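Engineer: Before I ask anything, let me first share the structure, which is written out below as structure tokens.
The values are calculated or read from the model by the stated rules, or taken from the named source; none is laboratory data. Note that this is a predicted model, so its numbers are computed, not measured. Quick reminder, even Gly has a Cβ in these numbers, built from the backbone with ideal geometry, and neighbours come from all protein chains shown.
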Amino acid sequence: MFWKLKKMFEKGKEKEIVDLIRDHITLIRDACEIFSNCIKENDKVSISEVCEIEKIGDSVRREIVLKLYEGAFLPGIRGNLYRLAETLDEVLDTIEDATIMFMMIPKLNEDIMSECVRIAEINLKMAEELLQTFEALRTEEDLKDRTIRIRILEEEVDAIKRDIFKKLMKTDVRNFWEGMAVYNFIKHLTNVSDLIEDAGDIIQILNVSLR
Amino acid sequence: MLILIPLISCVLIAFSIGSNDTSNAFGISIGAGIITFRKAVYLLGILVFIGAILQGRNVMRTVGRELVVLNMEILSISLFVSALVIIIANWKRLPVSSHQAIIGSLVGSAFAFGSVVRLDTLIKIVESWILSPVGALVLAIIVYRVMEIAFRRLPVFKVESILRTLLILNGIIIAYNTGANELATALGAIVCYGILSPLQAAVMGTIMLWLGAFLLSERVVETVGKGITSLDAFSGFSAQFAAGISVFIFTTLGMPVSTTYCIIGGIIGVGILKGVGTIKSDLLKKIMLSWVATPILTFGICCVIAKILISLSYV
């Protein structure tokens, strides 16, 4: 009887979702790490691992959404968890887009490349911060400081982005498509930080949504 | 033969309570996906029976013994009219309290037959009808504030987990109250008149209530559950918990009070905290009108029926 009652109220689905979201953010961190290392080394072969990670991320998102629809968590926070899963998926999609563009573009000049590497490193740092922020959801009541750290890193990326575009304007482009590929590479690379910041904001909203 | 009228009426009232009031107990929990409808209905059945057995006698005594002096005619007319009014109200989706219908009918019939109506008990019951939602209102404000302070320092997943447990606890309290108060009000007259023993009445009432819940309450539960929880589980819990405690206190005092009105009182309390503008005044007016009209209407109908029967010398 006791076990039947215990089973009736057990919180299995909630724990599974929390674990899946943690896995999702870990995948982002891994993708950022591979991406950062590969563009540092100009390694256009190993970087394809990012695409594999994106595929795993898709299945993790699907699992999270399915479990939410099965009724995990109170409805008051389900919406935000769903938005978080979607945003995390977008982060992985954007890293994959940046990867594909990186494989297409010619070698950029050293100055611009070093700025891109800096952005990739900041993205990795932001992914680590995001993971810690999510972990803190279970242990801390105030996440303000953590999300502020993410925002500061994002502003740093914005400043570098402006700098890169200024430099790009002075660079000769051989043809339209090459220019387009470089532009898209920079755009996707810098969008990653925007999306990680959005995910951080959703975690912060999640944290206050039941209070 | 005449014995069948109050008996069938009680069966119908218990069935109606089951079909409508399951939402009071587990509506939010089912809507939030904490418990499935089927499990909630089984749990409701068990708790209603426990409530009726442990504390039902207090309310049964007030309704069946301390309010009016019963005879078979009073019993038959009042329970028949109550059942009719409750069923029509449910069918037309009008917010009618079964307590008020039963008390109004009993007093109306007894008055028409010139039987004793104990005014002191009637006044106490009416006072309870006023005090129980007001008590729930005040309690809801206190519960909401206390929870706000207590949850401020807790991580969100912990808050969510606690809220889920508390919502189930709420359901348990209200399901218990349904047996100890709602069902006891419906069965009080036939038990005190000696048609059924308290145990027989509790068994029959629980089975009918459970059947009503199992067969007809799913849609009502879904509406209430989704309606309230989509607003905010925190407020829903405060209102429901305050109502549960308020009804429990009045049950202990032997007073037949409505859980639905107490939940409305609790919701108004939370609404006051969030700003008076959030309270839907039109809906409130409709509920207030029903609160006043139901006992008067059932009193009037029973009086008229009883007088007609007396004048036709059927009784």
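Engineer: Would you check if B:Ile123 is of a type in the set (A, V, I, L, M, F, W, C), within 18 Å of B:Thr294 (Cα to Cα), buried (at least 23 other Cβ atoms within 10 Å of the Cβ) and more than 13 Å from chain A (Cβ to nearest Cβ)?
Structural biologist: No, not satisfied.
Engineer: Looking at (1) more than 16 Å from the chain's Cα centre (by Cα); (2) of a type in the set (A, V, I, L, M); (3) surrounded by 17 or more Cβ atoms within 10 Å (Cβ to Cβ); (4) more than 14 Å from chain B (Cβ to nearest Cβ), find the lone condition where A:Leu124 falls short.
Structural biologist: (1)
Engineer: Exactly one condition in (1) surrounded by 17 or more Cβ atoms within 10 Å (Cβ to Cβ); (2) modelled with pLDDT under 95; (3) within 14 Å of chain B (Cβ to nearest Cβ) is not met by A:Phe102; state its number.
Structural biologist: (3)
Engineer: Select from the range B:144-155 the residues that are crowded, with 18+ Cβ neighbours inside 10 Å and within 26 Å of B:Ile268 (Cα to Cα) and write down the one among them that is nearest to the other protein chains (Cβ to nearest Cβ).
Structural biologist: In this case the residue turns out to be B:Phe151.
Engineer: For the range B:117-216, which fully contained helices (runs of 4 or more DSSP H) count at least 2 residues that are of a type in the set (Ser, Thr, Tyr)?
Structural biologist: Correct list: B:119-152, B:156-177.
Engineer: Being surrounded by 16 or more Cβ atoms within 10 Å (Cβ to Cβ), of a type in the set (Val, Ile, Thr) and within 14 Å of chain A (Cβ to nearest Cβ) narrows it down to one residue among B:Ile172, B:Ile190; which is it?
Structural biologist: B:Ile172
Engineer: Please find, among A:Lys7, A:Lys13, A:Lys40, the residue that is at pLDDT 90 or above, of a type outside the set (A, V, I, L, M) and assigned to a helix (DSSP H, G or I).
Structural biologist: A:Lys40 is the lone residue from the list that is at pLDDT 90 or above, of a type outside the set (A, V, I, L, M) and assigned to a helix (DSSP H, G or I).
Engineer: Kindly indicate which of A:Arg29, A:Arg62, A:Arg78, A:Arg83 is free of Cβ contacts under 8 Å to residues at least 24 places away in the same chain, assigned to a helix (DSSP H, G or I) and more than 14 Å from chain B (Cβ to nearest Cβ).
Structural biologist: Just a single option satisfies the conditions, and that option is A:Arg62.
Engineer: Moving to a separate point now. Would you mention how many residues in the range B:238-249 are crowded, with 24+ Cβ neighbours inside 10 Å, of a type outside the set (Val, Ile, Thr) and either farther than 30 Å from A:Gly79 by Cβ or touching a Leu at 6+ places or on another chain (Cβ under 6 Å) (or both)?
Structural biologist: The total comes to 2.
Engineer: Could you please find all residues in the range B:199-208 being within 16 Å of the chain's Cα centre (by Cα) and either surrounded by fewer than 24 Cβ atoms within 10 Å (Cβ to Cβ) or under 9 Å from B:Ser19 (Cβ atoms) (or both)?
Structural biologist: B:Met208
Engineer: How about the range B:88-100: which of its residues are of a type in the set (A, V, I, L, M), assigned to a helix (DSSP H, G or I) and crowded, with 17+ Cβ neighbours inside 10 Å?
Structural biologist: Result: B:Ala89, single match.
Engineer: Among the residues of the range A:193-211, write down those that are away from every other protein chain (no Cβ under 14 Å), surrounded by fewer than 22 Cβ atoms within 10 Å (Cβ to Cβ) and touching a Ser or Thr at 6+ places or on another chain (Cβ under 7 Å).
Structural biologist: Scanning the range A:193-211 gives A:Asp198, A:Asp201.
Engineer: Conditions first: (1) at positive phi; (2) within 14 Å of another protein chain (Cβ to nearest Cβ). B:Phe26 passes all but one, so which condition is the exception?
Structural biologist: Status for B:Phe26: all satisfied but (1).
Engineer: Do any residues in the range A:100-116 that are in a loop (DSSP other than H, G, I, E, B) have Cβ atoms under 9 Å from those of residues that are of a type in the set (S, T, N, Q) and surrounded by 15 or more Cβ atoms within 10 Å (Cβ to Cβ), where the two are at least six apart or on different chains, and which pairs are they?
Structural biologist: Between residues of the range A:100-116 that are in a loop (DSSP other than H, G, I, E, B) and residues that are of a type in the set (S, T, N, Q) and surrounded by 15 or more Cβ atoms within 10 Å (Cβ to Cβ), the close pairs are A:Ile105/A:Asn184.
Engineer: If you don't mind, another one. Taking the range A:43-57 as the search range and keeping residues that are assigned to a helix (DSSP H, G or I) and of a type in the set (Val, Ile, Thr), which one is modelled with the lowest pLDDT?
Structural biologist: A:Ile47
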